[in-house]
Amino acid sequence: MTTEAVTNEPGQRPIGVAVLGHGTVGAEVVRIIRDDVTDLEARIGAPLELRGVAVRTVRDDRGIPQDLLTTDAEGLIARDDVDIVVEVIGGIELPRKLVRTALDSGKSVVTANKALLAEYTGELAEAAEAKRVDLYFEAAVAGAIPVIRPLTQSLAGDKVNRVLGIVNGTTNYILSAMDETGADYAETLAEAVRLGYAEADPTADVEGFDAASKAAILASIAFHTRVTAGDVYREGISKITAADLTTARALNCTVKLLAICERITTDGKDRVSARVYPALVPREHPLAAVNGAFNAVVVEAEASGRLMFYGQGAGGSPTASAVMGDLVMAARNRVHGGRGPRESRYADLEIAPMSDIVTRYYVNLQVADRAGVLSAVAAEFAKRDVSIAAVRQEGAGDGARLVVLTHCATDKALSDTVAALDQLESVIAVTSVLRLEGSAE
């Protein structure tokens, strides 16, 4: 069994690849490897050869020779003629075991598994470093959109202060459709499932778990600090209403599920914040125009300023494109003796609690339609130094609502204010609270 990284000179033996998984992405990766033989060899400097594909069941309808299929993933990884392992299974525990086995065996790994990386990047990076092999994962964050490589290489000499993005196509499709049609959440989700934009069980997407995993990866890379999914504050979109979108339009905003990773400096001390939640986004902000199942990531750095990466964030072909980019890089490194970027965690910054985060807020209240309500509501904001920027009154009678837009305040101050508003006799219910991101303030 090979135990150390193997270096190939141009013209020497082919680079052997094992693919773990043959779903939507895996099938497309296998197709590209088999169809683009000549181009891949020219780009790499040596032939790229598929050694096998690990699957749960061997069937004759997969479109590839059965002698390439195996249910023994560990046996495939252990082969001496396998140099690089591509993991596109999904899940955590089985992929963790297989990826760790590959790395410990001196095989480079390419993975699209954001949930795995969000939990075990540190363990896997250390395993890769111990054997001096590559661990690439461009496809784990935004499908075909190149984000990881720009952060680790193009911006390696810059100081990144903020990464802000739409990184989940399902939720972006739902919110875009609600904005365009005026339909409610449940109706739009059902249509998204029917059209294939949402899974039958959409929990990972609509409750923000998928985006939180991606935020953890982005924050870890941008701020040279290990951030796990558990460090990411998370809210989903299931409580967003058609009324929220209507009010957003009146404020010249839309609603997007955002992954936000930023450096927070207080009293000269840097900390990291990573969070996912639906937020109002002004129409003039570039992310407001990202609709449907598309993704976009905005990076703000000191020297380069604002950079935006936009494109298809999911799907077999787009994700396979990112996997193949990593595969070519890993194969080139095998041929020419190089290595890709290692994990960078020198900064080791503290994770800032959500209570310390400062932003603007939109608060929607159902209130009694009588004199003195506005002054009572305003007093609760003032008690906690939450400054009100604007107030809208909508409806009358039992349907009377107050929509309050604040200036910047801490999350704790706003949370305390909302708790106090819930206790007011004149407030029937606090129907929704959204943050406002991307405004000029």
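The values are calculated or read from the model by the stated rules, or taken from the named source; none is laboratory data. Keep in mind the model is a prediction, meaning the values are calculated, not measured. Every residue, glycine among them, receives a Cβ derived from its backbone with ideal geometry; neighbour counts consider all protein chains shown. When the accessible area is computed, the model is the full protein with side chains, heavy atoms only, and any ligands, DNA or RNA have been set aside. Shrake-Rupley method; radii C 1.70, N 1.55, O 1.52, S 1.80 Å.
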Per-region count, the stretch 101-110, residues surrounded by fewer than 24 Cβ atoms within 10 Å (Cβ to Cβ) and over 12 Å from Ala73 (Cβ atoms): 3
Positions within the stretch 418-441 being within 26 Å of Arg234 (Cα to Cα) and in a loop (DSSP other than H, G, I, E, B), in sequence order: Gln423, Glu437, Gly438, Ser439, Ala440, Glu441
Tally, over the stretch 399-422, of residues that are open to solvent by 30 Å² or more (accessible area, probe 1.4 Å), in contact with a strand residue (DSSP E or B) (Cβ under 8 Å, 6 or more places away or on another chain) and of a type in the set (D, E, K, R): 2
Residue that is modelled with the highest pLDDT [pool: residues in the stretch 188-212 that are among the charged types (D, E, K, R) and out of contact with any helix residue (DSSP H, G or I) (no Cβ under 9 Å at 6 or more places or on another chain)]: Glu207
Test result for Leu280, farther than 30 Å from Ala125 by Cβ and modelled with pLDDT under 95: no
Any pair with Cβ under 8 angstrom, 6 or more apart, that starts in the stretch 296-308 at a residue that is modelled with pLDDT of 95 or more and ends at one that is basic (Lys, Arg) and not in a strand (DSSP E or B): Ala301/Lys159; Glu302/Lys159; Ala303/Lys159
Evaluation of Leu218 against (1) farther than 30 Å from Thr247 by Cβ; (2) open to solvent by less than 10 Å² (accessible area, probe 1.4 Å); (3) in a helix (DSSP H, G or I); (4) in contact (Cβ under 8 Å) with a residue 40 or more places away in the chain (one fails), failing number: (1)
So Val55, is it free of Cβ contacts under 8 Å to residues at least 60 places away in the same chain and either closer than 16 Å to Val29 by Cβ or under 20 Å from the mean Cα position of the chain (by Cα) (or both): yes
Residue match in the stretch 80-100 (condition: open to solvent by less than 10 Å² (accessible area, probe 1.4 Å) and either more than 31 Å from the chain's Cα centre (by Cα) or free of Cβ contacts under 8 Å to residues at least 40 places away in the same chain (or both)): yes
Residue, nearest to Asp210 (Cα to Cα), within the stretch 233-242, restricted to residues that are of a type outside the set (Asp, Glu) and open to solvent by 40 Å² or more (accessible area, probe 1.4 Å): Arg234
Residue within the stretch 345-358 that is open to solvent by 30 Å² or more (accessible area, probe 1.4 Å) and touching a Cys at 6+ places or on another chain (Cβ under 8 Å) present: yes
Members of the stretch 367-390 that are at pLDDT 90 or above, open to solvent by 60 Å² or more (accessible area, probe 1.4 Å) and of a type in the set (A, V, I, L, M): Leu374, Ala382
Residue among Arg34, Arg59, Arg51 that alone is modelled with pLDDT under 95 and of a type in the set (Lys, Arg): Arg59
Tally of residues being small (Gly, Ala, Ser) and farther than 21 Å from Glu425 by Cα across the stretch 353-380: 1
Strands (runs of 3 or more DSSP E) contained in the stretch 83-179 and holding at least 2 residues closer than 24 Å to Ala289 by Cα: 160-166
Within the stretch 360-417, tally of residues that are in contact with a Lys or Arg (Cβ under 8 Å, 6 or more places away or on another chain), of a type in the set (S, T, N, Q) and part of a helix (DSSP H, G or I): 1
Residue in the stretch 275-284 that is without any contact (Cβ under 8 Å) to a residue 40 or more places away in the chain, more than 18 Å from Val358 (Cβ to Cβ) and acidic (Asp, Glu) present: yes
Count of residues meeting criterion [closer than 17 Å to Asp270 by Cα, among the aliphatic types (A, V, I, L, M) and touching a residue at least 60 places away in the same chain (Cβ under 8 Å)] in the stretch 343-368: 6
Those residues of the stretch 25-52 which are exposed (fewer than 15 other Cβ atoms within 10 Å of the Cβ) and within 20 Å of Gln312 (Cβ to Cβ), in sequence order: Asp36
Any hit, the stretch 241-251, residues being closer than 18 Å to Arg401 by Cα and among the acidic types (Asp, Glu): yes
